[in-house]
Amino acid sequence: MATAVRITVFLFLAFSSAIARNVTEGKVEEFHVGVVLDLATLVGKVARTSISMAMEDFYAVHRNYTTRLVLHIRDSMSDDVQAAS
């Protein structure tokens, strides 16, 4: 029984200190995402606008998230393989 209490207290202290470090640092982590679109077409233009609006709306609601997506949009110019290279 005493061992279970010690383990519980240890886990509580370990997790609370980890949470405190994350809150106090306030460091924003960036996650880079590549997007290949054909910007000469209507579908490509709509997709770019939709992705940007969705990200803005998401981060407006979830301001406390420390991970941010960074979009790298590349125009395929109707050649997806060339754009991806």
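Every read-out reported here was derived from the displayed coordinates using simple, explicitly stated rules and does not represent laboratory data. Model, not experiment: these values are computed from the prediction. Counting neighbours? That spans all protein chains shown, and the Cβs are built from the backbone with ideal geometry, glycine included.
Couple of notes before you dig in:
- Within the range 27-45, residues that are surrounded by 10 or more Cβ atoms within 10 Å (Cβ to Cβ) sit with their Cβ atoms under 7 Å from residues that are of a type in the set (Asp, Glu) and not in a strand (DSSP E or B), at 6+ positions apart or across chains, in these pairs: VAL36/ASP80; GLY44/ASP38.
- Residues of the range 26-44 satisfying the condition of being in a strand (DSSP E or B) and not small (Gly, Ala, Ser): GLU29, GLU30, PHE31, HIS32, VAL33, VAL35, VAL36, LEU37
- Taken as a whole, the condition of being part of a strand (DSSP E or B), surrounded by 13 or more Cβ atoms within 10 Å (Cβ to Cβ), in contact (Cβ under 8 Å) with a residue 12 or more places away in the chain and not charged (D, E, K, R) applies to ILE73.
- Of the residues making up the range 26-73, those that are closer than 22 Å to ALA84 by Cβ, in contact with a strand residue (DSSP E or B) (Cβ under 9 Å, 6 or more places away or on another chain) and β-branched (Val, Ile, Thr) are VAL33, VAL35, VAL36, VAL43, ILE51, VAL70, ILE73.
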